[in-house]
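Take a look at the structure set out below.
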Amino acid sequence: MKNGMKAGIVVFPGSNCDRDCYRALKAVTGVEARFVWHRESSLEDFDLIILPGGFSFGDYLRTGAIARFSPVMNEVIRLGKRGVRLLGICNGFQILAEAGLLPGALLRNQGLLFICKDIYMKVERSNTDFTNKYEQGQVLRMPVIHGEGNYTIDEAGYHELVDGEQVIFRYCASDGSVNPSDAPNGAMGNIAGIINREGNILGLMPHPEKVSEPIMGGEDGAGVFRSLLSVLSV
Amino acid sequence: MFRVKVTVMLKRSVLDPQGAALERALNACRDDALSFSEVSSVRVGKVIEMTCDGNDAESVKERMHSLADRILANPVMEEYTVSVESLS
């Protein structure tokens, strides 16, 4: 086993979950990540790049729209296309969608409210690099903290996602049943997280880094980091 | 019925952080396909569309001006334009 994995956490002006990601990664996997300033234009051989939550560039224009053009993103896109694992959490998911690395878009929450609460979501697929430490169908409890998490895509795109088994997490009730009323933001098909077709880029709205140690009141998010470690440190 | 369109912009003399952030991002694009260094003075505002009952465009416009002046815009820091178009 090599000494962990090389992880980078991109910091945009307005990122505010970057340190949470750093701490979670370290606590769960022992890996010391490197913070990557958004102006950096060449990246080392990372195994994992995290785009953290926050309000990059004040969410001006559209969430993630300006961050998508930060110098670092050319490199993130290049590495992502080469198979490097990319994990976008919340604003990071929005940036991945704006950059075209994941399909669809995140609209303003149905109901218009900014949501900050714990939700339940179901692991739809446990055979990915990001979820292999979870059980298929496992129900996780995690916080969502966003104003624009209403995932949407056209009809054809939605079927492509479902047929390609790219839907990884769906909002659900505590018993695991999936009904539209369980999607806190109105997301199409209760989608909370999706993966790209190649399986190396995952975006999700809930925050695994905020429930990764017992002291945080839950460990349901730790599985994401454990899963990545199990794939990347061998 | 009339269609009313109110455009609200920050006054030129007021700093527009959204416009400034957008301008910097556009100018800094390094993507080969997307280089917008020729763009400057970016300002971001909002457009508010409504339909409005009324008898004639002139009186509707007058009323919508006072709506814009009192609610939709803050004349201390913003300027606005009102356009009225008949729908019938």
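Report whether or not A:L86 is at pLDDT 95 or above, in a helix (DSSP H, G or I) and crowded, with 22+ Cβ neighbours inside 10 Å. Lay out the reasoning, then the answer.
On the way: at pLDDT 95 or above: yes; in a helix (DSSP H, G or I): no; crowded, with 22+ Cβ neighbours inside 10 Å: yes.
Spelling it out, it is not the case that A:L86 is at pLDDT 95 or above, in a helix (DSSP H, G or I) and crowded, with 22+ Cβ neighbours inside 10 Å.
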Quiz item: On the given criteria, is B:R70 out of contact with any Lys or Arg (no Cβ under 9 Å at 6 or more places or on another chain) and at pLDDT 90 or above?
Solution: yes
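Hey, does the range A:150-170 have a residue that's at positive phi, out of contact with any Phe, Trp or Tyr (no Cβ under 7 Å at 6 or more places or on another chain) and either surrounded by 14 or more Cβ atoms within 10 Å (Cβ to Cβ) or charged (D, E, K, R) (or both)?
Residues of the range A:150-170 that are at positive phi, as a first pass: A:165.
Imposing the further condition that a residue be out of contact with any Phe, Trp or Tyr (no Cβ under 7 Å at 6 or more places or on another chain) reduces the set to A:165.
This time we only want the ones that are either surrounded by 14 or more Cβ atoms within 10 Å (Cβ to Cβ) or charged (D, E, K, R) (or both), so: A:165.
The answer is yes, given that some residue of the range A:150-170 is at positive phi, out of contact with any Phe, Trp or Tyr (no Cβ under 7 Å at 6 or more places or on another chain) and either surrounded by 14 or more Cβ atoms within 10 Å (Cβ to Cβ) or charged (D, E, K, R) (or both).
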Has the range A:145-161 got any residue that is in contact with an Asp or Glu (Cβ under 9 Å, 6 or more places away or on another chain) and either within 14 Å of chain B (Cβ to nearest Cβ) or in a strand (DSSP E or B) (or both)?
no
In the range A:124-133, residues that are buried (at least 22 other Cβ atoms within 10 Å of the Cβ) and not polar (S, T, N, Q) total 2
Looking across the range B:14-33 at residues that are modelled with pLDDT under 85 and farther than 17 Å from A:H38 by Cβ, the single one that is surrounded by the fewest Cβ atoms within 10 Å (Cβ to Cβ) is B:A33
Inside the range A:11-53, the number of residues satisfying the requirement of being under 17 Å from A:N91 (Cβ atoms), in contact with a Pro (Cβ under 9 Å, 6 or more places away or on another chain) and not aromatic (F, W, Y) is 10
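Residue by residue, here is whether (1) within 14 Å of chain B (Cβ to nearest Cβ); (2) surrounded by 22 or more Cβ atoms within 10 Å (Cβ to Cβ); (3) in contact (Cβ under 8 Å) with a residue 40 or more places away in the chain; (4) assigned to a loop (DSSP other than H, G, I, E, B) holds:
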{"position": "A:Y22", "(1), (2), (3), (4)": "no, no, no, no"}
{"position": "A:E44", "(1), (2), (3), (4)": "no, no, no, yes"}
{"position": "A:N74", "(1), (2), (3), (4)": "yes, no, no, no"}
{"position": "A:L79", "(1), (2), (3), (4)": "no, no, no, no"}
The lone condition B:R3 fails out of (1) farther than 23 Å from A:Y60 by Cα; (2) modelled with pLDDT of 95 or more; (3) touching a Phe, Trp or Tyr at 6+ places or on another chain (Cβ under 9 Å); (4) surrounded by fewer than 17 Cβ atoms within 10 Å (Cβ to Cβ) is (3)
Of the residues in the range A:105-129, those that are assigned to a loop (DSSP other than H, G, I, E, B), closer than 20 Å to A:I145 by Cβ and not charged (D, E, K, R) come to A:N109, A:Q110, A:G111, A:L112, A:L113, A:F114
Within the range A:46-61, the residues that are within 12 Å of chain B (Cβ to nearest Cβ) and either under 21 Å from A:D20 (Cβ atoms) or modelled with pLDDT of 95 or more (or both) are A:F55, A:S56, A:F57, A:G58, A:D59
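The values are calculated or read from the model by the stated rules, or taken from the named source; none is laboratory data. Just so it is clear, the structure is predicted and the values come from calculations on it, not from any experiment. Using ideal geometry, Cβ is built from the backbone for each residue, glycine included, and neighbour counts are taken over all protein chains shown.
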